[in-house]
């Protein structure tokens, strides 16, 4: 007689849906306006607004770090979710400006908010990092590995900006955004997520120095090697194409059309990019959540800050469909369709 193989209880659990149950964001107190930049580099308010749509950005203090901003955003997301920090099972921080190479910024956040039970790690996907983190969180929750995950996008880009380069220094700001994810009965939550990368274009948007390729101790190292380098024309071209592809793939995977969306939350890199995407999707620009005029491009934090603002200003209501789309260095891109 053959003895039957016992089944693991975990194998009998169906995959769970994953919802965003709370959002939060934080930007530093100091505001750097276009008028301020006119005094720093050869530029003008008219030039910046016409080419980017940006009017001001927030800049962190010297003693204010990525983990500080991330912790502020985390506390607000936790409060809105109606949970305690001790309820968190996992903390994921998406950033390209960690406090240190190690320990991870997420470990600093864990310490600051008192999430003693949580596992912690960082991810690096530039401006796409927050949505990469959302998809990672979804996998942990649907598999029943974890119940409650905190995803944070946070960057102090002012620390890696070349403030003498008028083509890039006008674009970037500092900030953090966060979301708490958990299964919520009766909701589809995160319906479909798509991620993509093209490493052959890694030089289009990058920071060459600071890693093991050109370490600070190297004879080749110059301070400006540890600042953002960007080919603006190529970035624009690839951004529009990648965002459109990401949007279409996510909508197709969710079985939805653009007209079904209550709100579209794009990466806040450039108003002209967003307008081009809106035009090609044939969606009114009014349905896009845009706040780059006040915050600039905050990398991984950008879409997370916009998500929190859209949530708190009731741009979407329970049951609405929301599309998030991002693009960043790598090159990387991602999209996610969420039922609110």
Query raised in the report: Does residue 316 meet the test of being farther than 30 Å from residue 33 by Cβ, buried (at least 20 other Cβ atoms within 10 Å of the Cβ) and assigned by TED's automatic domain parsing to the domain that holds residue 229?
Result: yes
Report summary line: Within the stretch 113-129, residues crowded, with 16+ Cβ neighbours inside 10 Å, part of a loop (DSSP other than H, G, I, E, B) and either over 11 Å from the mean Cα position of the chain (by Cα) or modelled with pLDDT under 95 (or both) come out as 115, 118
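Yes or no, residue by residue, for (1) part of a loop (DSSP other than H, G, I, E, B); (2) touching a helix residue (DSSP H, G or I) at 6+ places or on another chain (Cβ under 6 Å); (3) outside the structural domain of residue 92 (by TED's automatic domain parsing):
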position	(1), (2), (3)
140	no, no, no
163	yes, no, no
196	no, no, yes
208	yes, yes, yes
Report summary line: Wholly inside the stretch 12-82, helices (runs of 4 or more DSSP H) that include 3 or more residues that are assigned by TED's automatic domain parsing to the domain that holds residue 110 and farther than 23 Å from residue 272 by Cβ are 66-81
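Here is a yes/no grid of residues against (1) without any contact (Cβ under 8 Å) to a residue 24 or more places away in the chain; (2) crowded, with 20+ Cβ neighbours inside 10 Å:
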site: 23; (1), (2): no, yes
site: 36; (1), (2): yes, no
site: 55; (1), (2): no, no
site: 67; (1), (2): no, yes
site: 80; (1), (2): no, no
site: 94; (1), (2): no, yes
site: 98; (1), (2): no, yes
site: 111; (1), (2): yes, no
**Report entry** Condition check for residue 176: farther than 19 Å from residue 229 by Cα and not in a strand (DSSP E or B)
**Finding:** no
Report task. List the helices (runs of 4 or more DSSP H) that sit entirely inside the stretch 261-340 and contain at least 1 residues that are over 17 Å from the mean Cα position of the chain (by Cα) and without any contact (Cβ under 8 Å) to a residue 12 or more places away in the chain. Result -> 271-281
**Report entry** Which listed residue, of 189, 196, is surrounded by fewer than 24 Cβ atoms within 10 Å (Cβ to Cβ) and on the phi > 0 side of the Ramachandran plot
**Finding:** 189
Query raised in the report: So which residues in the stretch 248-260 are part of a helix (DSSP H, G or I) and either in contact with a strand residue (DSSP E or B) (Cβ under 7 Å, 6 or more places away or on another chain) or surrounded by 22 or more Cβ atoms within 10 Å (Cβ to Cβ) (or both)?
Result: 249, 250, 251, 253, 254, 260
Report task. Quickly run through the stretch 216-255 and pick out the residues that are over 18 Å from residue 328 (Cα atoms) and at pLDDT below 90. Result -> 216, 217, 218, 219, 220, 221, 222, 223, 224, 225
Query raised in the report: Is it true that residue 136 is more than 30 Å from residue 62 (Cβ to Cβ), outside any loop (DSSP other than H, G, I, E, B) and either assigned by TED's automatic domain parsing to the domain that holds residue 71 or modelled with pLDDT of 95 or more (or both)?
Result: yes
Report summary line: Of (1) part of a helix (DSSP H, G or I); (2) out of contact with any strand residue (DSSP E or B) (no Cβ under 9 Å at 6 or more places or on another chain); (3) in contact (Cβ under 8 Å) with a residue 24 or more places away in the chain, residue 106 fails just (2)
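The values are calculated or read from the model by the stated rules, or taken from the named source; none is laboratory data. These numbers come from a predicted model, not from an experiment. As a convention, Cβ positions derive from the backbone with ideal geometry for all residues, glycine included, and neighbour counts pool all protein chains shown.
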